[in-house]
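The values are calculated or read from the model by the stated rules, or taken from the named source; none is laboratory data. The structure displayed is predicted, hence computed values, not measured ones. Every residue, glycine as well, gets a Cβ built from its backbone with ideal geometry; the counts of neighbours run over all protein chains shown. Remember, those area values only see protein heavy atoms, side chains included, never the ligands or the DNA or RNA. Shrake-Rupley method; radii C 1.70, N 1.55, O 1.52, S 1.80 Å.
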Amino acid sequence: MNNIRHFEIEIAELKRSLVGMGNLVEQSLSAAVDAILIPRVDAREEARVLEERLDSMDTAIEERAHRIMALQHPMISDLRLLISALHICSDLEQIGDLCESIAKRATWIAKHSPVENPKHLEELARLVKEMIHGCLEAFVSSNTELAKTVITQEDHSDDLTKLCYESIQASMARTPEKIREYTHLLRAVAHLEHIGDIAVAIAEESVYVHKGQMIRHHHEDLR
Amino acid sequence: MSAITSLPQTAGSVEAMKPEKGYISVKDFDFWYGTHQTLFKVNMEMPEKQVTAFIGPSGCGKSTLLRNIKRMNDLVDGQHHQGDITIGNDTIYHPHLEVTSLRKRVGMVFQKSNPFPKSIYENVVYGLRVAGVNDRATLDAACEHALRSSALWEEVKDRLSASALGLSGGQQQRLCIARAIAVKPEVLLMDEPCSALDPIATGKIEELILELKKEFTVVIVTHNMQQAARVSDLTAFFYLGKLIEFDTTLKIFTNPSLKQTEDYITGRFG
Ligand SMILES: Nc1ncnc2c1ncn2[C@@H]1O[C@H](COP(=O)(O)OP(=O)(O)OP(=O)(O)O)[C@@H](O)[C@H]1O
Ligand SMILES: [Mg+2]
């Protein structure tokens, strides 16, 4: 029984590290979103620093998960938890990269001519932040209902993305001399949408952990 | 390139199905040692030429059920049972059935290897001699076949007349398997066959089990969860004399239906 208690401690610490990484990702996302809403030249540097911290957390979590697998031979839901933790960890790392890319684009825009933001950009940014927060919360607190909410938010994020694209395309047509600025903005919106998709993948992962039900790639029935 | 076609087959059969009717059927089986009931209404169908693993905490009745399949509890004072066990289509409790003929159909390998203090050769052919076979050529052929089947032949072929007690623990265990299968049983029962072996010897026995199931219906008791997962097609979880959950090994080890099963496998029991 001693052994199992040690295992619980290891798992709790792994979860804690994931939450820490999640918090940092949320911070990075907020900074990127702010930077795109009001472009700033220092956004890029700020994002780079956060990204470096995320990378080292990613490595630490992977090492910990690997060690638990090698030494504790987790089974059934413990095994699922570890596999998912690894997936989520690399998902978070990817979000960090996307945030950095958004910040770079914001910096580029800030250094060039100002652009007019799509009307729905703020709402999209808020929704994506909410989805990221929700999926991590769902994973850590075994909240399958919350995970399902995040999964169903994907449609809304798709709609908002489309509206943003349309608005950016109209701006491009109106002000062709700013086509490069708007291209960066368009890419930033695409990154946001992508981050929302990753939130959905994390939410699916958390359903998998708690129910043993693989829903990645086929969650139509949840809607 | 023939690389793809030469890939090894999957070990445990991921496609294993729980059969309607097994080769070994246990029906409403209760068992008592004197007044102490150790098995309660056990029902299970163990499929032919597959490996069924029994798992569960110490004292839950795994060995008792296994021994009953060979009627090895007959000699225990005050033992009695209710219900039935069938092998093929034959009830093992049929009044006209000779217990010795049943025992020939069922081989058993124990936790502690128990070779007789005789030569390797005589250990293997022991069952055949008891059955009255004395023709040297027949015995030789049976001995070689059994030793090959138990993956021991290469290691002992040059010293068949040496004492079996000079073999290592892992070799002795494979010798016991050879002895059990030399009489060509239909069913092979193994009660914690690897618990005294090192990982290499254990690996050999596990490989062997996967080979043996081509010919025999195998039932193995093990406390090693990884071992049950690796070698068996179906897994039965027992607790306090009751069969709690019985399903394909894949199901039991990835997503069991009952929390109790999961708690046991993941070590959270009690
Ligand atoms: N010969 C016997 N006479 C009386 N009681 C027995 C006898 N053999 C076993 N028992 C009892 O029957 C119960 C089941 O024992 P059994 O040996 O089948 O358990 P098991 O699941 O094989 O345990 P383990 O994992 O420790 O081998 C136990 O309570 C045990 O004490
Ligand atoms: Mg036992």
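Compute for chains A and B the buried accessible surface, both sides summed, probe 1.4 Å, and express it in Å² to the nearest 100.
Its buried surface, counting both partners, is about 1000 Å².
So what is the 222 nm mean residue ellipticity for the protein assembly as shown from helices alone, if each DSSP H run of at least 4 adds -39500 (n - 2.57) and you divide by all residues, rounding to the nearest 500 deg cm²/dmol?
The helix-only estimate for the protein assembly as shown comes to -18500 deg cm²/dmol at 222 nm.
Using amide H atoms built 1.01 Å from N in the peptide plane, name the residues 5+ places from residue B:118, or on other chains, whose amide H lies under 5 Å from its own.
Correct list: B:164, B:165.
Ignoring ligands, DNA and RNA, what accessible area per residue does the range A:3-221 give at 1.4 Å, in Å²?
47 Å²
At a temperature of 20 °C and a viscosity of 1.002 mPa s, determine how fast the range A:1-106 diffuses translationally according to Stokes-Einstein, using the Kirkwood radius over alpha-carbon pairs as Rh; express D in µm²/s, rounded to the nearest whole number.
The estimated diffusion coefficient comes to 146 µm²/s.
If amide H atoms are built 1.01 Å from N in the plane of the peptide, which residues on other chains or at least 5 residues away come under 5 Å of the amide H of residue B:79?
When sequence neighbours closer than 5 places are left aside, the close amide H contacts are B:34.
Could you state the per residue volume, in Å³, of the convex hull enclosing the Cα atoms of chain A?
Dividing the Cα hull volume of chain A by its residues yields 103 Å³.
Over chain B, what lengths in whole Å, largest first, do the semi-axes of the equivalent ellipsoid take, defined as the square roots of 5 times the eigenvalues of the alpha-carbon gyration tensor?
30, 24, 17
Let me know the volume per residue of the alpha-carbon convex hull for the range B:53-139, in Å³. Could you put the intermediate results ahead of the total?
On the way: hull volume 14.4 nm³, N = 87.
Value for the range B:53-139: 166 Å³ per residue.
Could you give the accessible area per residue of the range B:60-130, probe 1.4 Å, as a whole number in Å²?
49 Å²
On full extension of the chain, what length is gained from residue B:155 through residue B:37, given 0.36 nm per residue of separation minus the C-alpha to C-alpha distance?
That works out to 38.0 nm of additional length.
Of the DSSP beta bridges with both residues in chain B, give the percent that are antiparallel, rounding to the nearest 5.
60 percent
Just read off the accessible area of residue B:44 with the full protein assembly in place, 1.4 Å probe, to the nearest 10 Å².
10 Å²
With the Cα gyration tensor of the range A:1-61 in hand, convert its eigenvalues to equivalent ellipsoid semi-axes via √(5λ) and list them largest first in whole Å.
On the way: eigenvalues 238, 23, 4 Å².
Semi-axes, largest first: 34, 11, 4 Å.
Which cross-chain or sequence-distant (5 or more) residues have an amide H under 5 Å from the amide H of residue B:93, H modelled 1.01 Å from N in plane?
B:85
So, R0 is 56 Å and r is the distance between the beta-carbons of residue B:223 and residue A:162; what FRET efficiency does that work out to, to 0.05?
0.45
Through the Karplus equation 6.51 cos²θ - 1.76 cosθ + 1.60, θ set to phi - 60°, convert the phi angles of the range B:66-76 into ³J(HN,Hα) values in whole Hz; use x for Gly and Pro.
4, 5, 5, 4, 9, 6, 7, 8, 3, 8, 6
How big is the accessible area of residue B:80 in square angstrom, nearest 10, if you roll a 1.4 angstrom probe over the protein chains?
Taking all protein chains as shown, residue B:80 has close to 80 Å².
So what J values fall out for the range A:117-129 if you push phi through Karplus, 6.51 cos²θ - 1.76 cosθ + 1.60 with θ = phi - 60°, rounded to Hz, Gly and Pro as x?
Once θ is set to phi - 60°, the couplings for the range A:117-129 become 6, x, 4, 8, 4, 4, 5, 4, 4, 5, 4, 5, 4 Hz.
Sorted by average packing, counted as other Cβ atoms within 10 angstrom per residue and highest first, what order do B:105-111, B:47-53 take?
Numbers: B:105-111: 20.1, B:47-53: 21.9.
Sorting B:105-111, B:47-53 by mean packing, highest first, produces B:47-53, B:105-111.
Under 17 Å from a point placed 7 Å out from the Cα of residue B:94 along the Cα-to-Cβ direction: which residues of the range B:17-37 have their backbone N that close?
Inside the label zone: B:23-27.
Using only C-alpha positions, report the orientation-averaged shadow area of the convex hull of the range A:69-179, nm², one decimal.
Spelled out: convex hull of the Cα atoms, projected over all directions, averaged, 9.1 nm².
On the full set of protein chains, 1.4 Å probe, figure out the accessible area of residue A:69 and give it in Å² to the nearest 10.
About 60 Å², rounded to the nearest 10.
Sort the range A:49-93 into rounded, prolate or oblate with this rule: let a ≥ b ≥ c be the square roots of the eigenvalues of the Cα gyration tensor; rounded if a/c is under 1.5, and if a/c is not under 1.5, prolate when a/b is larger than b/c, oblate otherwise.
Note, shape of the range A:49-93 comes out oblate.
Keeping all protein chains in place and using 1.4 angstrom, which order do B:23, B:126, B:121, B:239 fall into by accessible surface area, from largest down?
Largest to smallest exposure gives the sequence B:126, B:239, B:23, B:121.
Once both labels are modelled 7 Å past Cα along the beta-carbon direction, what's the residue A:41-residue B:27 spacing in nm?
Simple spin-label model gives 8.9 nm for this pair.
Summarise the accessible area of the protein assembly as shown (1.4 Å probe, protein heavy atoms) by the percent that is carbon and sulfur. Write out the running numbers ahead of the final one.
On the way: 12470 of 23390 Å².
Ligands and nucleic acids excluded, carbon and sulfur reach 53 percent.
What net charge is computed for the residues neighbouring residue B:207, neighbours being all others with C-beta under 12 Å from the C-beta of residue B:207, Lys and Arg scored +1, Asp and Glu -1? Provide the component values of the computation, followed by the final result.
Values: positive: B:174, B:204, B:213, B:230; negative: B:206, B:211.
Charge balance in the 12 Å sphere: +2.
What whole-number distance in Å separates the alpha-carbon centres of the range B:86-132 and the range A:57-132?
The distance from the Cα centre of the range B:86-132 to that of the range A:57-132 comes to 62 Å.
Report for the protein assembly as shown the percent antiparallel among DSSP-assigned beta bridges with both residues inside it, nearest 5.
60 percent
On average, how many beta carbons from a partner chain sit within 10 Å of the beta carbon of a residue in B:247-259?
2
Between rounded, prolate and oblate, where does the protein assembly as shown land on the alpha carbon gyration tensor, with a ≥ b ≥ c its root eigenvalues, rounded for a/c under 1.5, else prolate if a/b exceeds b/c?
Note, shape of the protein assembly as shown comes out prolate.
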